[in-house]
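What follows is a short report on a single structure.
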Amino acid sequence: MPFLEVDSLTVDYQMRRGTIRAVENVSFSLDKGETLGLAGESGSGKSTLGLSIIRLVPYPGVIVEGHIEIDGTDILKLPEHEMRSIRGRKVAYIFQDPMTSLNPVKRIGAHFAELIHTHEPNTSKEEALERTKKVLENLEILPERINDYPHQFSGGMRQRIMIGLAIALTPDLVIADEPTTALDVIVQAKILELLGNLRKMYGLALILISHDLSIILEKCDKIIILYAGHMIEYATGIELHKHPKHPYTQGLLHSIPNIELSDQKLAAIPGSPPNMLNPPKGCRFWPRCSHVKEICRVREPPLIDVKPNHFVRCFLYGKEGVHVERSRKS
Amino acid sequence: MAKKVFMLSEVVKVEQLEKYFPVQKGFLEQLFTRELRYVKAVDGITFSIRSREIFTLAGESGCGKTTTGRVIVRLLEPTSGKISFKGRDITKVKGEKLRLLRRKMQIIFQDPYASLNPRMKTVDAVGHPLEIHGLAKGEEKKEKVLEVLDKVGLTPPEQFINLHPHQLSGGQRQRVALARSIILKPEFIVADEPVSMIDVSLRTTIIDLMLSFRKELGLTYLFITHDLAVAKYISDRIAIMYLGKIIEMGDKESLFVNPMHPYTQALLSAIPVPNPERKRKRIELSGEVPSAIDIPTGCRFHPRCPYRTDKCSKEEPLLIELEKNHFVACHLIK
């Protein structure tokens, strides 16, 4: 059984102006040691999806449907105090902005001490200190700096400290939400490599959320492409790069510059992402799609598999594919 | 990309440009110390941009690329050095003359959420330059605004003219900013990270618009970016900055095929490549970018350079033309 299993997850933001369905009917699973990439543009629901896994969808977001099982436990049914012991210990979340995620009036050591004592009250001070030092060492931060305040560190170091806090309790799953967006390329490469090494070292499952498809393609085994809350394609990285099926995925791949290619021709995807308060009927991508057919405007395409482990939500592939959602029910 | 466009005259020329910002001190410090300390954001750079060229300044945050752009359009006063625009020294231009100059040089900012006044309708935001320069108002202004909105792909323009920024998406806002920058028919535009806040699927549209305006309106661009992949796509020539200095500069092809400076090599090796089967060797750099207040002696990159020698910490390397149109500032490369 996979470590993480998400099944037909749907998340709504219920507001006075109306309801935004930020994530709709998303299913996937992840094993330890694997890296899953969630890619999509702003508003595609990738952060909401990540936050649902630790049940921290911000108000007014509500998980309205679906199951999330972590290590065999259905976490949507857990009372809050039990959920708290899963967060941090089993599943850790690395937030986007390292500048605001650390408490500016607490020393770095105190951040770690608080975390360790909250989850493991019986740990002695010395042991907590030892463990902190060891984590910092793995992140190439001098253990002496344990008594420094966050402002004394650079952005890249702060993000490494955030990663340290995430892995201090040796969780089984780490969710990194745009962990390098605020950082420069050289630091970004270092952080991503570090995450990869930690994944190997601790055998963790890693979910990498990013708007940058280059990073996702470079680092992830499996990739989910989200568009307006829908999982429109799900495949291994290599397969997705070689045989992208959904017109949106194809468009995305054509719009990212690659420094290794000369005289590359980039093509834009026309139009812009839909207003989520009033998404288009049928397929959510049809107003921007060059292959749009009559049926796309009326009916929502089902997620079908075009190959083993390659799923796509598009009517272009209706005939050869197998209807996954129906076959699951039968 | 630019196939034999006319690249004769220099539109912008920058010589030994410096911009220092004084470091704020506490009250007591001000009383007891004489010495003023400076952030040397731009520390002596020289380059020129030819007509109808897209020249890119690239580098990590804090390297001085944005400051350079702002000094060139005279939004900041240079500390020293010389800026020329079409052969004319504009370093000290003031008042009315500066205002007239601004018709010819415009700037697009990174964040379209911050660069547009939230209380101005599109027609006023885009048409404002016309009013400032006394070129058009009322119906005439509206006509001109409709025309440029159509050019930047906000069609039909009548639909956008009465909208406020919050009613527009990020990509649409950046198009409005682009429309505002070309409405005066300038000759030179500084584009400071114009696509870094925009979703990937919309970036290409903005870049393509910029490229088409170069042809159509004969524009020359200074493009500022931290994203070398975008830089490679759009530019003719690229200069890599590090701590206020240009450390390598050259034609796009030679810079990407044959990067010579160790910093450029490290920078290029760190860029993610959208191909899962391509495993690249990353060049490791030790440490992080030092503060622009205490710039290292000699070559400012030497504390992080894997190939440093004694000479590097003592003597500052000059930017030398090592191949045709390819300049490098490094002692090691001969």
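Bear in mind that the values in this text are calculations on the coordinates, not laboratory data. Because the structure is predicted, anything quoted here is derived from the model rather than measured. Reconstructed Cβ throughout: ideal geometry from the backbone, glycine too, with neighbour counts over all protein chains shown.
A few points about this structure:
- Farthest positive-ward along the protein assembly as shown dipole, Cα basis, beta-carbon charges - from B:Val71, B:Phe27, B:Val289: B:Val71
- Against chain B, whose longest principal axis is taken from its Cα atoms, helix B:170-182 shows a tilt of about 80°.
- With respect to chain B, whose longest principal axis is taken over its alpha-carbon atoms, helix B:122-132 is tilted by about 80°.
- Share of Cα-Cα pairs in the protein assembly as shown lying beyond 48 Å, as whole percent: 19
- Here is the list for region A:15-77: trypsin sites (Lys or Arg not before Pro) lying in DSSP coil, each with at most 15 other C-beta atoms within 10 angstrom of its C-beta, are A:Arg16, A:Arg17.
- Modelled spin-label separation between B:Ser84 and A:Asp74, with each label point placed 7 Å from Cα along the Cα-to-Cβ direction: 7.8 nm.
- Sequentially through region B:17-25, phi angles give Karplus couplings (6.51, -1.76, 1.60; θ = phi - 60°) of 6, 10, 9, 10, 10, x, 7, 5, 10 Hz, Gly and Pro residues having no value and appearing as x.
- Helix A:155-167 axis, angle to chain A major axis (alpha carbon atoms, nearest 10°): 90
- 3J(HN,Hα) from dihedral phi, region B:308-325, Karplus parametrisation 6.51/-1.76/1.60, rounded to Hz, x for glycine, proline: 5, 10, 4, 4, 4, 7, 9, 10, 7, x, 8, 7, 10, 7, 8, 10, 4, 6
- Extension gain, B:Ser286 to B:Leu100, is 62.2 nm, computed as 0.36 nm per intervening residue step minus the present C-alpha separation.
- In sequence order, region B:214-221 has phi-based couplings of 4, 5, 6, 9, x, 7, 10, 10 Hz under the Karplus curve 6.51 cos²θ - 1.76 cosθ + 1.60, θ = phi - 60°, and Gly or Pro positions carry x.
- Percentage of interatomic Cα-Cα distances in chain A larger than 38 Å: 18
- Nearest-0.05 FRET efficiency for A:Ser154 and B:Leu75, computed from C-beta distance (R0 25 Å): 0.35
- Spatial offset of region B:79-122 relative to region A:98-171 amounts to 46 Å, using the alpha carbon center of each.
- Simple spin-label estimate for B:Asn258 and A:Gln264 in nanometres, 7 Å along Cα-Cβ: 2.3
- Cβ-Cβ FRET estimate between B:Glu139 and B:Gln167, R0 fixed at 22 Å, reported to 0.05: 0.40
- The mean count of C-beta atoms from other chains within 10 Å of the C-beta of residues in B:220-230, rounded to a whole number, is 2.
- Spacing of the two label points (7 Å from each Cα toward its C-beta) at A:His67 and A:Glu120, in nm: 3.2
- Percent of beta bridges antiparallel (DSSP, chain A, rounded to nearest 5): 60
- Using the Cβ-Cβ distance between A:Ala110 and A:Tyr202 with R0 set to 30 Å, the FRET efficiency works out to roughly 0.80.
- Normalising the Debye intensity of region B:196-334 to I(0), with uniform scatterers on Cα atoms only, and taking log10 at q = 0.16, 0.18, 0.21 Å⁻¹ returns -0.95, -1.13, -1.35.
- Amide H contacts under 5 Å for B:Val12, placed H, 5+ residues apart: B:Ile49, B:Lys86
- Chain B: most fluctuating residue of B:Leu17, B:Leu98, B:Leu154 per GNM, C-alpha cutoff 10 Å: B:Leu98
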